[in-house]
1. Given the criteria among the aliphatic types (A, V, I, L, M) and free of Cβ contacts under 8 Å to residues at least 40 places away in the same chain, does L100 qualify?
2. For segment 34-51, how many residues are touching a strand residue (DSSP E or B) at 6+ places or on another chain (Cβ under 8 Å) and not hydroxyl-bearing (S, T, Y)?
3. Kindly check whether there is at least one residue in segment 197-213 that is assigned to a strand (DSSP E or B), surrounded by fewer than 23 Cβ atoms within 10 Å (Cβ to Cβ) and not assigned by TED's automatic domain parsing to the domain that holds I108.
4. Which condition from (1) in contact (Cβ under 8 Å) with a residue 12 or more places away in the chain; (2) under 27 Å from Q209 (Cβ atoms); (3) not hydrophobic (A, V, I, L, M, F, W, C) is the one that N158 breaks?
5. Given the condition within 19 Å of G224 (Cα to Cα), outside any loop (DSSP other than H, G, I, E, B) and in contact (Cβ under 8 Å) with a residue 40 or more places away in the chain, answer yes or no: does some residue in segment 67-90 qualify?
6. Given (1) charged (D, E, K, R); (2) touching an Asp or Glu at 6+ places or on another chain (Cβ under 9 Å); (3) under 30 Å from S7 (Cβ atoms), where does R217 come up short, assuming only one miss?
7. Can you go through R242, R259 and tell me which one is among the basic types (K, R) and under 15 Å from I212 (Cα atoms)?
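The values are calculated or read from the model by the stated rules, or taken from the named source; none is laboratory data. Model, not experiment: these values are computed from the prediction. Neighbour counts run over all protein chains shown; Cβ positions are idealised from the backbone, glycine included.
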Amino acid sequence: MASGLISTDELARWLHQKQPVTVLDVRGKGSYLQGHIGGSVVTRWQDFTDGGPIKGILHPDSAVLAERFSALGITNETPVVLVSEPFENWGAEGRFFWMLHYLGHGDIRVLDGGYPKWKREGKPIALLPSRASKGQFTPLLRMDTAIDLEGVEACLNNDPDTVIVDTRGSDEYAEEGHIPGAVNLPWVSLYGDDGTLKPPDELRGLLAQVGIIPDRRIVPYCTGGVRSAWLFFVLYLLGYERVQNYDGSWWEWTDDPARPVER
């Protein structure tokens with residue numbers, strides 16, 4: 001099993017050969033009902049939060065998360081393919097990758113170019129929704145892939161080994177402010193013009209320009225831990241081993257006006 005990207009051609013071949021796979025469409029119900037990959041089931045990242053006032057925080061009970069993923073047909077053995085719409089879904093495919101990776105799933109693929117590329121290529125499209133057969137997913141937490149508020153605060157105390165990365169747009173970073181010392185790498189900069197991921201060498205160059213290098217700990221954040229999880233996925237794909245997504249992100253950081261904000 002090997003998590004990473006999957007091309008539209010490879011997914012089409014899997015489906016044609018009826019290879020076991022669970023396809024999650026994370027674009028939202030409205031987009032899904034206008035057309036989707038046959039057999040895919042629709043879901044949204046918000047259904048996996050704790051429902052509290054800080055909207056981005058992942059539900060703390062792994063048993064609850066496992067039950068919700070099992071209801072979508074997820075098992076520990078079957079590959080999962082995430083289908084999104086680049087530029088439009090705030091990196092939701094990354095959020096789902098991070099959640100499943102955090103819970104210990106070993107084979108999670110992101111469809112490169114997403115649903116728009118699938119449609120452009122004239123591949124089969126369904127209109128009727130699919131209902132998932134219940135799976136059985138048992139989590140095995142990778143605790144080192146997440147960081148909480150206290151952990152981020154600790155990073156501010158002269159920790160030269162850590163790079164905090166704000167993945168929001170440059171206007172948000174400048175105008176709303178950001179966590180002190182955070183560098184800015186907008187999440188959309190990781191896509192090519194066609195919505196596929198940029199080539200590895202180009203990505204490494206972008207990352208290095210803001211100090212994101214493999215031997216440092218990387219802590220991405222955004223507004224609610226979604227765009228930052230897209231960077232988490234890209235860094236995972238490139239082999240960066242010390243990455244922790246801050247799911248509370250800006251919503252949590254600014255919940256207390258006493259926390260420092262840099263402009």
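1. On the way: among the aliphatic types (A, V, I, L, M): yes; free of Cβ contacts under 8 Å to residues at least 40 places away in the same chain: yes.
In short, yes.
2. 9
3. Here is the first cut: in segment 197-213, the residues assigned to a strand (DSSP E or B) are 197.
The next check asks that each one be surrounded by fewer than 23 Cβ atoms within 10 Å (Cβ to Cβ); those that pass are 197.
Retained after the next criterion (residues that are not assigned by TED's automatic domain parsing to the domain that holds I108): 197.
For segment 197-213, residues assigned to a strand (DSSP E or B), surrounded by fewer than 23 Cβ atoms within 10 Å (Cβ to Cβ) and not assigned by TED's automatic domain parsing to the domain that holds I108: present.
4. Here N158 clears every test but (1).
5. The first filter runs over segment 67-90 and keeps only residues within 19 Å of G224 (Cα to Cα), leaving 84-90.
Among the residues that remain, those that are also outside any loop (DSSP other than H, G, I, E, B) are: none.
No: segment 67-90 contains no residue that is within 19 Å of G224 (Cα to Cα), outside any loop (DSSP other than H, G, I, E, B) and in contact (Cβ under 8 Å) with a residue 40 or more places away in the chain.
6. So the condition that R217 fails would be (3).
7. On the way: R259 fails: under 15 Å from I212 (Cα atoms).
R242 is the lone residue from the list that is among the basic types (K, R) and under 15 Å from I212 (Cα atoms).
This table checks each residue for (1) at pLDDT below 95; (2) of a type in the set (D, E).
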position: S40; (1), (2): no, no
position: D61; (1), (2): no, yes
position: R68; (1), (2): no, no
position: G91; (1), (2): no, no
position: H105; (1), (2): no, no
position: R120; (1), (2): no, no
position: L127; (1), (2): no, no
position: R131; (1), (2): yes, no
